[in-house]
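I have placed the structure first, in the form of C-alpha cells, so that the comments after it can refer back to it.
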Amino acid sequence: MQSFKMSDKKIADYYADSATKPLFSFSNTSKNKIYYAYSADSIKPILLMIHGAPGAWFGYKEFFNDSLLLNKFQIIAPDRAGYNKSGGKVTSIEQQAKLLKYFLKIHNYQKVTLVGRSYGAAIAAKLTADNPDLIESLVLIAPACDPKKEKFWWFSKPVNSKFVRFFLPTYINCASDEKFAHHEELLKILPDWQKIKCPVTILQGGKDWIIEPSNGKFVDSMLINAPRRFIFLPENGHLLTDERHGLIRDILLKR
C-alpha cells in the first residue's frame with residue numbers, strides 16, 4: 001500500500017535535481033475540488049493523464065521529467081475525487097468524467113490528448129465519448145473496462161468490511177468502494193464506446209495479474225467507430241507506465 005502514497009517531501013526530493021518541476025493547484029469547481037499537477041507551459045496542447053485505483057497524480061511523475069513530452073505538451077495529472085488531496089469520494093464513472101471535464105476547457109481552442117490507465121481508462125473513455133469535440137486522441141493503458149471480467153481476490157471482501165476499513169488509510173477504502181461499484185458502472189457506459197471516434201491506442205500486458213489480460217481485446221472490440229491500434233505486450237504486467245515508459249512516450253509524441 002505504501003507504493004500508492006508519496007509525501008510532499010519525497011516529491012520535492014524526486015524533482016530536486018530536475019530542471020522542470022510540476023506546479024500544483026485545485027480546480028475552481030464549487031464541489032469536489034480536484035487537486036492536480038501541471039507543467040508550466042500553458043500555450044502547448046494538453047496531455048491529460050488519469051490514474052487508476054488506488055493512485056494519485058504522482059503515478060505519472062516520470063512524465064513531468066521527460067523533456068521530449070514537455071516540449072510538445074502541457075502535462076496535467078489530477079488526483080481523482082477521493083484520492084490524495086482531492087476531496088469527495090465518487091464511485092460513478094459518469095460523475096468522475098464530469099469532474100475532469102474542467103481540465104479539457106483550460107485551453108478551449110486546443111484539443112486534448114487523453115491518457116487513462118487501469119480504472120482510469122473507463123473514465124477516460126467516458127470523458128471522450130461525452131466530449132468528442134475536445135479530445136484529439138485517446139490512449140488506454142492496462143484498461144480495466146470489461147464488466148464480465150471484474151477481478152476479485154480472496155481478501156477483497158474482508159478488506160471492505162467495517163472492522164478492517166477502520167484501520168485502513170482513506171485511499172485504500174476509496175479504492176475498495178470503487179472496486180465494488182465498478183461492475184455496475186462499467187455496464188452503464190457500454191453504449192458509450194461506440195460514440196468514440198477519435199484515434200485510440202490500447203496497451204495491454206500479457207502478464208497482468210491485477211486485471212484480466214483479455215480486457216485489452218474487449219476494449220478493441222467495443223471501439224467499432226474509432227481508428228484504433230491494439231498493442232499486446234506478452235511479457236509485461238499491469239504497471240506499463242513504469243515498464244514501458246519509452247514506448248508510451250513514443251506513442252504520445254506521434255500524436
Per-residue SASA entry for residue 174, accessible area with 1.4 Å probe, Å² rounded to 10
10
Towards the positive end of the charge dipole of region 99-220, with charges on Cβ (+1 Lys, Arg; -1 Asp, Glu), say which of 175, 194, 125 has the farthest Cα.
175
Taking amide H positions as placed 1.01 Å from N in the peptide plane, with prolines and chain starts having none, which residues 5 or more places from residue 236, or on another chain, fall under 5 Å of its amide H?
206, 207
Tell me, how many Å apart are the Cα centres for region 41-80 and for region 180-205?
21
Report residue 168's accessible area, 1.4 Å probe, all protein chains in place, as a number in Å² to the nearest 10.
40
For 80, 165, 228, give me the order by solvent-accessible area with a 1.4 Å probe, most accessible first, ignoring ligands, DNA and RNA.
228, 165, 80
Counting residues in region 71-146 as N, plug N into 2.2 N^0.38 Å and put the Cα Rg over that result.
1.06
Coil-residue GluC sites (Glu not before Pro) of region 159-246, DSSP, other Cβ within 10 Å capped at 10:
235
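Can you give me the % of accessible surface on the chain that is carbon or sulfur? Probe 1.4 Å, all protein chains present, nothing else counted.
Values: 6750 of 11980 Å².
With neighbouring chains kept in place, the figure for the chain is 56 percent.
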Magnitude of the charge dipole, the chain, Cβ model with Lys/Arg +1 and Asp/Glu -1, debye to 20:
400
Across the chain, how large is the tail of the calculated P(r) beyond 27 Å, expressed as a percent of all Cα pairs?
32
Whole-number accessible area per residue in Å² for the chain, which is evaluated in the context of all protein chains at 1.4 Å
47
Sequence-distant residues sharing a close amide H with residue 201 (under 5 Å, placed H):
138, 139, 140, 229
In region 196-255, how does Rg compare with the Kirkwood Rh, expressed as the Rg/Rh ratio over alpha carbon atoms?
0.97
Computed on Cα atoms, the radius of gyration and Dmax of region 125-201 in angstrom are 15.8, 46
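Loop only per DSSP, at most 10 neighbouring Cβ atoms within 10 Å: give me the trypsin sites (Lys or Arg not before Pro) in region 1-50, ordered by residue number. Don't skip to the end; give the middle numbers.
Values: sites: 5, 9, 10, 31, 33; in loops: 5, 31, 33.
Those that pass, being in a loop and sparsely packed, are 31.
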With the radius of gyration and the Kirkwood radius both derived from the Cα set of region 16-102, what is their ratio Rg to Rh?
0.97
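Please return the longest range in the chain lying between exposed loop sites, taking chymotrypsin sites (Phe, Trp or Tyr not before Pro), DSSP loop only, at most 16 other beta-carbon atoms within 10 Å, and leaving the sites out.
Counting only loop sites that pass the neighbour cut-off, the longest clear stretch is 16-108.
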Holding the Cα-Cα limit at 29 Å, pick out from 10/217; 157/195; 61/207; 61/111; 10/162; 21/179 the pairs that are longer than that.
10/217; 157/195; 10/162; 21/179
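The values are calculated or read from the model by the stated rules, or taken from the named source; none is laboratory data. Treat the numbers as computed from the prediction; the structure is a model and nothing was measured. Cβ sites come from the backbone with ideal geometry, for glycine too, and all protein chains shown count toward neighbours. Note: areas computed on protein heavy atoms with side chains; ligands, DNA, RNA excluded. Shrake-Rupley method; radii C 1.70, N 1.55, O 1.52, S 1.80 Å.
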